[in-house]
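Asks: One structure is given below, represented as structure tokens, and several questions about it will come after.
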Amino acid sequence: MTDASAQTQNKKIYTREEFEELRIRKAREMKADESLQKDAFELFARADEKYWVHQTNWFGEPILNLPQDMFALQEIMFRTRPDYVLEIGAAWGGSLLFYSTIMEAIGGKGVIAVDIFIPDDLKERIGRHGRISDRIRWVQGSSTEQSTLGKVKDLIGEGSNVLVILDSDHTHDHVLKELRLYAPLVRPGQYLVCSDGVIEKIPPNPLRPRSWGPGDNPLTAINAFLKEDQRFVVDEDLEAKLLLTCNPRGYLRRIENFD
Ligand SMILES: C[S@@+](CC[C@H](N)C(=O)[O-])C[C@H]1O[C@@H](n2cnc3c(N)ncnc32)[C@H](O)[C@@H]1O
């Protein structure tokens, strides 16, 4: 709304700072509203049965995440300007093209994809997009193998700002190992994002048997990790405004000036 039309309708004109304060206050109200949270989660759980989380594309390639969470990652990238995005678990690769598109706009050296399974036709599809594809590098291997971590470190080099996104095998033990292995790559002020803690709340579906489930998933791993590594905190305000997220307690920021 223009200032003039706001004035004619006798509405308050917010400064940018006031609007920010309003948004944060309202996001915290959403988080505290148990009835809204319950309704939102029920919608999520019902839609999950229809693979809602798998329905988004970027440059025509599937992303296995909610647009809400991809927008959260975009906000993190804009704010923290990582040199590299490291995604552990790339699946169909739409997420890699998404991160690389943001980097094309704001700057950034590379997007590194680690996956245990990287077929040639996937590389070919993700490689079709000129400059957007050119900064994507693939590392095939299990994320918890030292050899995989070594290849990642060789690509990143010393002193780089890295946004790490963990989205592979969602069992507690595997994710806790990943958190311990990859947290040291995250510098103060940067983020370690751990996906799919929502599994803790979703009733197991007998038609989709998985090694993970309530009690054994990324959220249980995050809770264990945060007890042993106090350099990271959950970005509560980022989570609050999403309302729907696959990553509860999963947006971890490394504290600056931690003694
Ligand atoms: C949930 S999908 C990733 C979704 C992707 N991040 C996205 O947003 O579209 C999980 C991926 O993790 C990979 N994966 C499973 N176990 C792994 C392991 N031990 N190491 C590396 N990747 C693994 C699978 O092959 C699969 O591609």
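Asks: Tell me, yes or no, whether the stretch 216-226 has at least one residue that is out of contact with any Cys (no Cβ under 6 Å at 6 or more places or on another chain), open to solvent by 60 Å² or more (accessible area, probe 1.4 Å), touching a residue at least 12 places away in the same chain (Cβ under 8 Å) and more than 28 Å from Glu49 (Cα to Cα).
Replies: No, every residue in the stretch 216-226 fails to be out of contact with any Cys (no Cβ under 6 Å at 6 or more places or on another chain), open to solvent by 60 Å² or more (accessible area, probe 1.4 Å), touching a residue at least 12 places away in the same chain (Cβ under 8 Å) and more than 28 Å from Glu49 (Cα to Cα).
Asks: Additional query: For the stretch 178-190, name all the residues that are more than 23 Å from Gln146 (Cα to Cα) and open to solvent by 30 Å² or more (accessible area, probe 1.4 Å).
Replies: Scanning the stretch 178-190 gives a single hit, Pro188.
Asks: Considering each residue of the stretch 143-170, count those that are touching a strand residue (DSSP E or B) at 6+ places or on another chain (Cβ under 6 Å), open to solvent by 10 Å² or more (accessible area, probe 1.4 Å) and of a type in the set (Val, Ile, Thr), and give that number.
Replies: Summing the residues that are touching a strand residue (DSSP E or B) at 6+ places or on another chain (Cβ under 6 Å), open to solvent by 10 Å² or more (accessible area, probe 1.4 Å) and of a type in the set (Val, Ile, Thr) in the stretch 143-170 gives 1.
Asks: Same structure again: Restrict the check to the stretch 161-183 and report whether at least one residue is out of contact with any Pro (no Cβ under 8 Å at 6 or more places or on another chain), more than 20 Å from Ala221 (Cα to Cα) and more than 12 Å from the ligand (Cβ to nearest atom).
Replies: No, the stretch 161-183 has no match at all.
Yes/no per residue for (1) within 9 Å of the ligand (Cβ to nearest atom); (2) of a type in the set (Phe, Trp, Tyr); (3) surrounded by fewer than 19 Cβ atoms within 10 Å (Cβ to Cβ):
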position	(1), (2), (3)
Glu29	no, no, yes
Leu36	no, no, yes
Phe41	no, yes, yes
Leu66	no, no, no
Ser95	yes, no, no
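Asks: With the condition kept exactly as written, say whether any residue in the stretch 4-12 is of a type in the set (Ser, Thr, Tyr), touching a residue at least 60 places away in the same chain (Cβ under 8 Å) and either under 26 Å from Leu185 (Cβ atoms) or open to solvent by less than 70 Å² (accessible area, probe 1.4 Å) (or both).
Replies: Checked the stretch 4-12: no residue is of a type in the set (Ser, Thr, Tyr), touching a residue at least 60 places away in the same chain (Cβ under 8 Å) and either under 26 Å from Leu185 (Cβ atoms) or open to solvent by less than 70 Å² (accessible area, probe 1.4 Å) (or both).
Asks: I've got another one for you. Got a sec? Which of Arg231, Arg249 is open to solvent by 60 Å² or more (accessible area, probe 1.4 Å) and on the phi > 0 side of the Ramachandran plot?
Replies: After ruling out the rest, the residue left standing is Arg249.
Asks: Taking the criterion of being away from the ligand (no atom under 16 Å from the Cβ), out of contact with any Ser or Thr (no Cβ under 8 Å at 6 or more places or on another chain), open to solvent by less than 70 Å² (accessible area, probe 1.4 Å) and not polar (S, T, N, Q), would at least one residue in the stretch 191-210 satisfy it?
Replies: no
Asks: Separate question: Within the stretch 75-93, how many residues turn out to be more than 8 Å from the ligand (Cβ to nearest atom) and assigned to a loop (DSSP other than H, G, I, E, B)?
Replies: Residues flagged as more than 8 Å from the ligand (Cβ to nearest atom) and assigned to a loop (DSSP other than H, G, I, E, B) within the stretch 75-93 amount to 3.
Asks: Restricting to the stretch 118-146, name every residue that is within 12 Å of the ligand (Cβ to nearest atom) and either under 19 Å from Val85 (Cα atoms) or not in a loop (DSSP other than H, G, I, E, B) (or both).
Replies: Ile118, Leu122, Ile126, Trp138, Val139, Gln140, Gly141, Ser142, Ser143, Thr144
Asks: Sticking with this one: Within the stretch 75-83, is even one residue buried (at least 17 other Cβ atoms within 10 Å of the Cβ), closer than 28 Å to Val186 by Cα, touching a Phe, Trp or Tyr at 6+ places or on another chain (Cβ under 8 Å) and aliphatic (A, V, I, L, M)?
Replies: Yes, the conditions are met somewhere in the stretch 75-83.
The values are calculated or read from the model by the stated rules, or taken from the named source; none is laboratory data. Predicted model, so just to flag it, every value in this text is computed and none were measured. Positions of Cβ are generated from backbone atoms using ideal geometry, with glycine treated the same way; all protein chains shown enter the neighbour counts. The protein model used for the area step is the full one, side chains on, heavy atoms only, and it has no ligands, DNA or RNA in it. Shrake-Rupley method; radii C 1.70, N 1.55, O 1.52, S 1.80 Å.
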